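Trainee: This is the structure I have questions about; it appears just below.
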Amino acid sequence: MRRPPRATLAAALVAGTAIWLPTTGAAEAIRSGAYTFSDELGGLRLKSVTGSGSAGDPIVIVEEFLGTGPAVLTIIRHTDGPVLLPPAPHLYLEKRVINQSRRVWLGFEMELEEIRGQASTDSDGLSFDQIAKQRERVHADRFRHGERTFDPGDRLMFYDGIVDHSQTVRFRLLVTDTSPSGPFFLVQTPQMATSSLPAERRFADNVHDRRDIPTDTSTR
């Protein structure tokens, strides 16, 4: 199947159509629960998406990171179906990111955008749980520290760790979207090492020294 023009793909997503395209050189869009996720803007390859997005059943996204970044994941919430889906401002995510960049990562940053290329504002209702600001809802298994910033923009920054080529890093996060009016974007940028690290320094060999941020899956 040929990859449709970007505008066609976006229109199909808004209409609630589940689209499956070849993963080689083409966009992939996968619907799970009330959301559709697309890698059409590039930088990553979407492998699978499962779950509903609730605290007890987070949406698990598996993706391959192909370059040095940034990579953009497009997210759309639907209200179609046999039963009208209620507003769901809380979206619990578990992201499993495979490093296929052939570079070593020392950190990782995520940023939410309601309009592509523009920082999220306080008035758009989109954030990494800005109202509650519960640190416990931010987690990464290969970085010792993580923090959030809300002004300017809405960002998660993880650091003090190592992710080698072909390794997978797992993130848990909570996105709140109180005024879902269209797609929003998760922009992801790894912080690269200047050169590959020797095997004896790999973070995987020092897993006993990790101090992960605990995860609280309770609802507000």
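The values are calculated or read from the model by the stated rules, or taken from the named source; none is laboratory data. Bear in mind the structure is a predicted one, so any value in this text is a computation, not a measurement. FYI the Cβ positions are ideal-geometry reconstructions off the backbone, even for glycines, and counts take in every protein chain you see.
Trainee: Looking only at segment 148-179, which residues are among the β-branched types (Val, Ile, Thr), closer than 29 Å to His78 by Cα and part of a strand (DSSP E or B)?
Mentor: Thr149, Val169, Val175, Thr176, listed by residue number.
Trainee: Turning to a different aspect of this structure: Between a residue in segment 125-142 that is more than 15 Å from Met157 (Cα to Cα) and assigned to a loop (DSSP other than H, G, I, E, B) and any residue that is small (Gly, Ala, Ser) and modelled with pLDDT of 60 or more, which pairs come within a Cβ distance under 7 Å, given they are 6 or more apart or on different chains?
Mentor: Gly125/Ser179
Trainee: Any chance segment 49-65 includes a residue that's of a type in the set (Phe, Trp, Tyr) and at pLDDT below 85?
Mentor: no
Trainee: Taking the stated definitions as given, is Thr50 among the β-branched types (Val, Ile, Thr), surrounded by 19 or more Cβ atoms within 10 Å (Cβ to Cβ) and out of contact with any Gly (no Cβ under 8 Å at 6 or more places or on another chain)?
Mentor: no
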